[in-house]
1. Taking the options V76, V66, name whichever one is in contact with an Asp or Glu (Cβ under 6 Å, 6 or more places away or on another chain), of a type in the set (V, I, T) and not assigned by TED's automatic domain parsing to the domain that holds V214.
2. In this structure, does V213 turn out to be touching a Leu at 6+ places or on another chain (Cβ under 6 Å) and surrounded by 21 or more Cβ atoms within 10 Å (Cβ to Cβ)?
3. What's the total number of residues in the stretch 285-311 that are within 30 Å of K123 (Cβ to Cβ) and part of a loop (DSSP other than H, G, I, E, B)?
4. Do the conditions hold for R61, that is, is it over 17 Å from R311 (Cα atoms) and either assigned to a loop (DSSP other than H, G, I, E, B) or touching a Lys or Arg at 6+ places or on another chain (Cβ under 6 Å) (or both)?
5. Return only the number of the condition from (1) touching an Asp or Glu at 6+ places or on another chain (Cβ under 9 Å); (2) surrounded by fewer than 21 Cβ atoms within 10 Å (Cβ to Cβ); (3) of a type in the set (G, A, S) that G157 does not satisfy.
6. In the list V217, V179, which residue meets the criterion of being assigned to a loop (DSSP other than H, G, I, E, B), closer than 21 Å to I117 by Cβ and either in the same structural domain as L277 (by TED's automatic domain parsing) or among the β-branched types (V, I, T) (or both)?
7. Restricted to the stretch 87-124, and to residues that are of a type in the set (S, T, Y) and either under 14 Å from V295 (Cβ atoms) or in a helix (DSSP H, G or I) (or both), which residue is nearest to the chain's Cα centre (by Cα)?
Amino acid sequence: MAEKRLKVLIAIYHKLYPWNLPESMVTSLRDEFTSVDIGRAGSQEELEEGIKEADIIFGWRLPREVFLRAQRLKWVHIAAAGVGGSLHKEIIDSPVILTNCRGIHSIPAAEHAMSLILSLLRKLPLAVKYQIKREWGAEEILGGVNQFDELYGKTMGIIGLGSIGREISRRTKCFGMRVIATKRHSLRELPEGVDKLLPPEELPLLLKEADWVVISVPLTSRTRGLIGEKELALMKRNAYLINISRGKIIQEKALIKALEDGKIAGAALDVFEEEPLLQESPLYRMDNVIITPHVAGISRYYFERAVDIFRSNLSKYLKGETLINMVDKKEGY
């Protein structure tokens, strides 16, 4: 009897066009891996049916109800860095390998963070507000508590020195900033652009010293609700908070109160506790807040990088080699 061919099911579909894998990339994988059957699911219904025979899934997430239908699944590769949508008890307790596209967001997310920082620094949201109304707005833009400032000589605090945090540190150094960061695991040498590296327990020190605080840690049991009233109270009144990571890392009500009370100067947020952000949220009305709709990691090169990681891993899998970007299912990243 002939041996069953390995079956890969690609399930990268979304209602928004930019988040759908181009068919040409599916074709390129089929052309390269001719010994493997590579199928595609364009909906949850197709995923639920296709997973029954799939050995490998390459997709955005694998919900519990879909995972339970699997009969021969051995490996799941998530086309993003976050794996929270696939980390249910059943997959954690199973022998199924879980990998992700860790590192894929580092360049666009770092550039997005810097664009948010510079926009707040130079009051660009206010300028655009008056531009839309066809008003000069000089008196209004030059007034208020927060005056035009510079990054030069200021301190950048980076919570989480992973691939995104390191890219941010390199860019902030170009502006003449001092960089302090937290990282769970210590390093023998300071990474490029970092002046001081702290363990997570010393987060209060970072918050006290930083003029700008960027959150770039994954969402885990340790980081959920990490920034609340107590932490915000440690920040300077003229400091800004940037979140390009996960919304649930910040306790949103505490942040809103800190902004309303002038405890911090402002914030730029790409992620929120609940998405889409509700229309009644006070954050929409604040001139010292920038909101972007969870787009920090997107880039025209996203799928090129994602498929390259999967292609490399599929090659390793076929050779019996250790895969890259293995996820510790207990830790969640």
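The values are calculated or read from the model by the stated rules, or taken from the named source; none is laboratory data. Owing to the predicted nature of the structure, the values given are computational and were not obtained by experimental measurement. Positions of Cβ are backbone-derived with ideal geometry, glycine not excepted, and every protein chain shown enters the neighbour counts.
1. Selected residue: V66, the only one of V76, V66 that is in contact with an Asp or Glu (Cβ under 6 Å, 6 or more places away or on another chain), of a type in the set (V, I, T) and not assigned by TED's automatic domain parsing to the domain that holds V214.
2. yes
3. Residues in the stretch 285-311 being within 30 Å of K123 (Cβ to Cβ) and part of a loop (DSSP other than H, G, I, E, B): 12 in total.
4. When the stated conditions are applied, R61 passes them.
5. So G157 meets the others, but not (2).
6. Sole residue among the options that is assigned to a loop (DSSP other than H, G, I, E, B), closer than 21 Å to I117 by Cβ and either in the same structural domain as L277 (by TED's automatic domain parsing) or among the β-branched types (V, I, T) (or both): V217.
7. My answer is S106.
Results for (1) surrounded by 17 or more Cβ atoms within 10 Å (Cβ to Cβ); (2) within 13 Å of A306 (Cβ to Cβ), shown as yes or no for each residue.
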| site | (1), (2) |
| --- | --- |
| L6 | yes, no |
| K15 | no, no |
| W19 | no, yes |
| E23 | no, no |
| L29 | yes, yes |
| F33 | no, no |
| D37 | no, no |
| R40 | yes, no |
| S43 | no, no |
